[in-house]
Amino acid sequence: MSAPLSAYEEIVGSSVTRQIRQIGEKLRGIRIVHVNSTREGGGVAEILGWMIPLMLELGLDASWEVLRGTPRFFEITKSIHNALQGGIVAVNGKDWKIYHDVNAENLETLRGTLSDADIVVVHDPQPAYLLPLCEGRKGKWIWRAHIDVSRPFRPVWKVLRSIVGKYDASIFSMAEFAQPLPHPQFLVPPSIDPLSEKNRDIDATELEAVRGKFGLDPARPLLVQVSRFDRFKDPVGVIAAYKMVRKVAPVQLVLAGGGATDDPEGKAVFDDVTEAAEGDPDIHVLLLPPDAHTTINALQRLADIVLQKSTREGFGLTVTEGMWKGKPVIGGDVGGIRLQVVNHHTGFLVNTPEGAAHRIRYLLHHRERIRSIGETGREFVRENYLLTRHLRDYLTLILAVLQGDGERIIYM
Ligand code: UDP
């Protein structure tokens, strides 16, 4: 259940919510339909879960449709997804045919809703084929890419590009992810909800309960990385950094993640992590259930330093979450982490375990920097990465698309 817009006033100020209401006023009554391929799980569903109610509150006629697919369809779209993120993954003619057919079947039920809408926002590749099939559409269609399309596997991108190029506009999370397309492109980074269970304020009793549950020592510094057990998140590199620091400071480390057991690759990474952590009672490797929002919130708040030592990263919501909790973040110098970690101001960008260890030691020796960098980070998130900014970006770009004259511009 998401909070009303007024609940965010206290966090972002009334001028921000007023501006949102003013833009919303201009869009009153327009019919906007979002289409993605899952109602639950993942960042896109989470964002739509709060965005639709807020758009409705503003008077837009907003709705959310979900594409239905077969297991084979989702295998194919996973391959497309991996190829767009640079994986050398072939998608053959038969696969593209299945992709087409599932979109065509879905259009049978969605046609009425989609062809009448003023704005249709199609999220990611799965439902992208709806547009070429939807003849006689009335409104403007926008393709929203949530993934890193900066270095796609060309044969797959060539086909997808011919589909998404037909849209009236597209949205990417950052400039590096955008691709040449024959329409206006908008840059809209993701956001976190400061009132959600993952990010809301937590009182001391709840914090202490989580500290006690995992046997963390309140007297010693705590390093925390929250991430799926994935090689690109480099949990083994985090342990290497911790071990270097451990020689000179009595630190503790939490590596918290989930979903490892049903993902063969995740399981292998989890096994490597447990092996690297073996014999050290101060390394806490936690396998959490998918709804462990309060636990993650508390662990990020209990941390002295938040780590996100990824070697590849789309945006890195865990970085935003850590910064919002007033923590300095030591992050890999990649992808969306670079948007958030302003070196020496909101945290440190690193390329190696040695680099991470060096920055951890520096912060532990300069406790006042932990506080000041953390505060700067929190304000940076308040300004740039909360859902109110995200909503305002959406409203502004909808206005621009509705009034657009087809110029090929990128809005920032
Ligand atoms: N997360 C979670 N449980 C876990 C690991 C991660 O709820 O075991 C959350 C994390 O708090 C963040 C999101 O999942 O909100 C991960 O987003 P991010 O952009 O950091 O990485 P991704 O997993 O999308 O690559």
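The values are calculated or read from the model by the stated rules, or taken from the named source; none is laboratory data. Small disclaimer: the values here were computed from a predicted structure and weren't measured. We place every Cβ from the backbone using ideal geometry, glycine too, and count neighbours over all the protein chains shown. What goes into the accessible areas is simple: the full protein's heavy atoms, side chains included, and nothing from ligands, DNA or RNA. Shrake-Rupley method; radii C 1.70, N 1.55, O 1.52, S 1.80 Å.
With 21 Å as the limit, the listed pairs LYS97/LYS166; LYS243/LYS325; LYS26/LYS138; LYS243/LYS309; LYS26/LYS166 have LYS243/LYS325; LYS26/LYS166 beyond it between alpha carbons. Within region 207-296, the trypsin sites (Lys or Arg not before Pro) that combine a DSSP coil assignment with at most 12 other C-beta atoms in a 10 angstrom radius are LYS247.
Using the Kirkwood radius built from alpha carbon pairs, what does the Stokes-Einstein equation give as D for region 1-62 at 25 °C and 0.890 mPa s, in µm² per second?
Answer, rounded: 195 µm²/s.
Helix 293-302 sits at what angle to the longest principal axis of the chain, using alpha carbons and giving 0 to 90 degrees rounded to 10? Taking the Cα atoms of the chain, the angle to 293-302 is about 40 degrees. When only Cα pairs below 8 angstrom with a gap of at least 6 residues are kept, region 1-148 shows a relative contact order of 25 percent. With the gyration tensor restricted to C-alpha atoms of region 300-378, the semi-axes of the equivalent ellipsoid amount to 17, 14, 10 Å, longest first. Using a 1.4 Å probe on the protein chains only, how many percent of the accessible area of the chain belongs to carbon and sulfur? It is 52 percent, rounded to a whole number. Taking the charge dipole of region 224-353 about its Cα centre, with +1 at Lys and Arg Cβ atoms and -1 at Asp and Glu Cβ atoms, the residue from ASN343, THR320, VAL238 reaching farthest to the positive side is ASN343.
Stokes-Einstein diffusion for region 67-218, with the hydrodynamic radius set to the Kirkwood value over Cα pairs and evaluated at 10 °C in a medium of 1.306 mPa s, equals 90 µm²/s.
As a size descriptor, the averaged projected area of the C-alpha convex hull of the chain was calculated at 19.8 nm². Between HIS344, HIS34, HIS366, the GNM of the chain built on Cα springs shorter than 10 angstrom shows HIS366 fluctuating the most. Summary value for region 305-403: 27 percent relative contact order, contacts being C-alpha pairs under 8 angstrom separated by 6+ residues. Protection proxy ranking for 24-31, 335-342, using the average of other Cβ atoms within 10 Å per residue and placing the highest first: 335-342, 24-31. What the Cα convex hull of region 247-324 gives, in volume per residue, is 125 Å³. Each label point was placed 7 Å from the Cα along the Cα-to-Cβ direction; for THR205 and SER372 their separation is 3.7 nm. Accessible area per residue for the chain, computed on protein heavy atoms with a 1.4 Å probe, is 44 Å². The overall shape of region 195-283, judged from the alpha-carbon gyration tensor, is oblate: a/c is not under 1.5, and a/b is no greater than b/c. Panel note: the C-alpha atoms of region 16-145, placed on their principal axes, show extents of 49, 31, 21 Å (largest first).
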